[in-house]
Amino acid sequence: MIQRIQTLWLFLASVTMLALFLFPYTTYTDAHGIAMALKVSGKLNSTGGQYQLSTSLLFTLQAIATVLLGILPLVVVANFKHRKKQVSWIALTILLTLLFAVWLFISAQQALQEVGKLLHFDHIGIGALLVPVYIIFLLLALRGINQDTKLIRSADRLR
């Protein structure tokens, strides 16, 4: 289990998704020139050099979804004896991650519309780049699982 490369990829995927709590996925300034950032845990305001995190039900649900997406790769690692289940769990996780990315995009677009701005490349935070990296790690883990399956099939043919 630990010696397989897909375990490393799945662990890195989990860490990457949980890093969304540290990095904002959207940064912008409002109409008054106050720097703001959207994180999965809430809206971060920078007024007078002090940071305030305001949260709502939307951000609470995003935080819960982030934790669940961060735990799913560890569930895949726990199912190391069942490669078919691992593949289906990873496929489900990728699908849920794509839906989560759309949700983050919509919430960022709504927050920017509140201050009269459009979503632009300048508004993308580090957190928005973590979601594609998460998917890449999941795809690398899927590749490792498929290589293990091929290895086991070739060993079975030799017997």
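The values are calculated or read from the model by the stated rules, or taken from the named source; none is laboratory data. Since the model is a prediction, treat every value here as computed from it, not as a measurement. We place every Cβ from the backbone using ideal geometry, glycine too, and count neighbours over all the protein chains shown.
Sort out which residues of region 30-60 are touching a residue at least 60 places away in the same chain (Cβ under 8 Å) and surrounded by fewer than 16 Cβ atoms within 10 Å (Cβ to Cβ), and write them in order of number.
Scanning region 30-60 gives 30, 31.
Taking residue 14, is it part of a helix (DSSP H, G or I), in contact with a Pro (Cβ under 9 Å, 6 or more places away or on another chain) and not aromatic (Phe, Trp, Tyr)?
yes
Against the conditions (1) crowded, with 16+ Cβ neighbours inside 10 Å; (2) over 12 Å from the mean Cα position of the chain (by Cα), where does residue 63 fall short? Just the number, please.
(2)
Could you say which residue among 81, 85 is outside any helix (DSSP H, G or I) and farther than 27 Å from residue 42 by Cβ?
Being outside any helix (DSSP H, G or I) and farther than 27 Å from residue 42 by Cβ holds for just one of 81, 85, which is 81.
Evaluate the following for residue 112: is it of a type outside the set (Gly, Ala, Ser) and under 18 Å from the mean Cα position of the chain (by Cα)?
Criteria not met by residue 112.
Between a first residue in region 81-100 that is closer than 18 Å to residue 12 by Cβ and a second residue that is polar (S, T, N, Q) and not in a helix (DSSP H, G or I), which pairs have beta carbons less than 7 Å apart while being 6 or more apart in sequence or on different chains?
The qualifying pairs are 86/79; 89/79.
Which of the residues spanning region 71-112 are among the small types (Gly, Ala, Ser) and more than 30 Å from residue 34 (Cβ to Cβ)?
78, 88, 91
Working carefully through the options 80, 11, 23, 100, find the one that is closer than 24 Å to residue 140 by Cα, surrounded by 15 or more Cβ atoms within 10 Å (Cβ to Cβ) and over 20 Å from the mean Cα position of the chain (by Cα).
80
Name the single residue that is modelled with the lowest pLDDT among those in region 106-123 being buried (at least 16 other Cβ atoms within 10 Å of the Cβ) and under 21 Å from residue 19 (Cα atoms).
Checking each candidate, the answer is 123.
Here is a list: 102, 76, 133. Which entry is hydrophobic (A, V, I, L, M, F, W, C) and closer than 18 Å to residue 4 by Cα?
Unique residue meeting the criteria: 76.
State which residue pairs qualify: first residue at pLDDT 90 or above and among the β-branched types (Val, Ile, Thr) and inside region 124-138, second residue outside any helix (DSSP H, G or I) and surrounded by 18 or more Cβ atoms within 10 Å (Cβ to Cβ) in any location, beta carbons under 9 Å apart, and separation of 6 or more residues or different chains.
Listed by first residue and then by second, the contacts come to 131/25.
In region 129-156, how many are in contact with a helix residue (DSSP H, G or I) (Cβ under 7 Å, 6 or more places away or on another chain) and polar (S, T, N, Q)?
So the answer is 1.
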